[in-house]
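Trainee: Encoded as structure tokens, here's the structure I'll be asking about.
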Amino acid sequence: VYKFSRRGKLLLTLGEPDKPGTGTGQFDKPTDIGFGPRGEIYISDGYGNSRGMKFDSKGKYLSQWGKPGKGQGEFDTPHAILVDRKGRVVVGDRENDRVQVFDQEGAHLATWPSKLIGPAVIYVDDDDIVYVAEHNGGLVSILTLEGEMLTQWGSLTHRSCHGIWVDSHKDIYVVEPFEGSTGRTVVKFVHKN
């Protein structure tokens with residue numbers, strides 16, 4: 001994991017390039033990064049290690065949590081991580097088809113009881129509305145910050161939704177990276193009042 005200045009100067013390196021592992025200073029294909037209220041760095045170390053990791057703002061290792069599995073606090077490809085306004089760490093547990101919520105020390109607080117299919121990327125807007133791009137379902141879900149499903153759309157025939165962002169007009173942008181009828185595109189959904 002690298003931190004750069006806006007001009008591209010390398011400021012910080014976490015992990016060791018080309019040396020995957022399970023140590024406190026190693027990753028095995030990390031998937032996302034989020035930031036705590038005091039600049040803490042949270043990383044979903046997803047493809048190889050199925051864990052969350054926490055560092056201070058200067059890159060000092062603080063803690064980790066999770067292991068492979070389907071139980072509470074366990075992961076199968078944690079693919080998204082962020083810290084919400086309540087200070088909770090929200091993790092898209094992709095292959096377990098769920099979102100898990102933790103405190104900043106990794107203690108499990110909740111599992112959202114919604115019908116998600118491979119949550120890959122999570123975005124929370126300024127109104128605390130949660131947008132989820134579902135990798136395995138080709139779906140987009142919109143939830144409350146407590147995990148209540150507000151709406152869901154898409155199609156299982158779309159192979160993947162793998163990125164999501166919302167602009168100031170509440171228009172939604174979804175990345176569909178694979179080939180197919182709409183693959184390798186960014187799709188814009190226009191918000192209507």
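The values are calculated or read from the model by the stated rules, or taken from the named source; none is laboratory data. Being a predicted model, the structure only gives us computed values, none of them experimental. Cβ coordinates were reconstructed from backbone atoms using ideal geometry, including for glycine residues, and neighbour counts include every protein chain displayed. Ligands, DNA and RNA are excluded from the accessible area calculation, which covers all protein heavy atoms including side chains. Shrake-Rupley method; radii C 1.70, N 1.55, O 1.52, S 1.80 Å.
Trainee: Which pairs have Cβ atoms under 7 Å, sit 6 or more apart or on different chains, and link a residue in the stretch 10-23 that is more than 15 Å from Ser50 (Cβ to Cβ) and modelled with pLDDT of 90 or more to one that is among the hydrophobic types (A, V, I, L, M, F, W, C) and surrounded by 10 or more Cβ atoms within 10 Å (Cβ to Cβ)?
Mentor: From residues that are more than 15 Å from Ser50 (Cβ to Cβ) and modelled with pLDDT of 90 or more, the pairs are Leu10/Phe4; Leu11/Phe4; Leu14/Val1; Leu14/Phe55; Gly15/Val1; Gly15/Phe27.
Trainee: What are the pairs with Cβ atoms under 6 angstrom where one residue, in the stretch 69-94, is in contact (Cβ under 8 Å) with a residue 12 or more places away in the chain and open to solvent by 10 Å² or more (accessible area, probe 1.4 Å) and the other, located anywhere, is of a type in the set (S, T, N, Q) and not in a loop (DSSP other than H, G, I, E, B)? Sequence gap at least six, or different chains.
Mentor: From the stretch 69-94, the pairs are Lys70/Asn96; Asp76/Asn96.
Trainee: Also, quick follow-up: Select from the stretch 32-49 the residues that are at pLDDT below 95 and over 18 Å from Asp84 (Cβ atoms) and write down the one among them that is most open to solvent (accessible area, probe 1.4 Å).
Mentor: If we take residues in the stretch 32-49 being at pLDDT below 95 and over 18 Å from Asp84 (Cβ atoms), then Tyr47 is most open to solvent (accessible area, probe 1.4 Å).
Trainee: Considering the stretch 133-154 alone, what residues qualify as being closer than 17 Å to Lys188 by Cβ and either buried (at least 17 other Cβ atoms within 10 Å of the Cβ) or in contact with a Phe, Trp or Tyr (Cβ under 7 Å, 6 or more places away or on another chain) (or both)?
Mentor: Ala133, Gly138, Leu139, Val140, Ile142, Gly154
Trainee: Right, next: If you take the residues of the stretch 29-71 that are more than 18 Å from Ala107 (Cα to Cα) and outside any loop (DSSP other than H, G, I, E, B), which of them is farthest from the chain's Cα centre (by Cα)?
Mentor: So the residue we want is Ile33.
Trainee: Taking the stretch 136-192, which residues are touching a strand residue (DSSP E or B) at 6+ places or on another chain (Cβ under 9 Å), assigned to a loop (DSSP other than H, G, I, E, B) and at pLDDT 90 or above?
Mentor: Scanning the stretch 136-192 gives Thr144, Leu145, Glu146, Gly147, Asp167, Asp171.
Trainee: Moving to a separate point now. So which residues in the stretch 44-58 are of a type outside the set (S, T, N, Q) and within 19 Å of Gly69 (Cβ to Cβ), if there are any at all?
Mentor: Residues satisfying the conditions are Asp45, Gly46, Tyr47, Gly48, Arg51, Gly52, Met53.
Trainee: Taking the condition touching an Asp or Glu at 6+ places or on another chain (Cβ under 8 Å), within 27 Å of Leu12 (Cβ to Cβ) and assigned to a loop (DSSP other than H, G, I, E, B), does Gly106 pass?
Mentor: no
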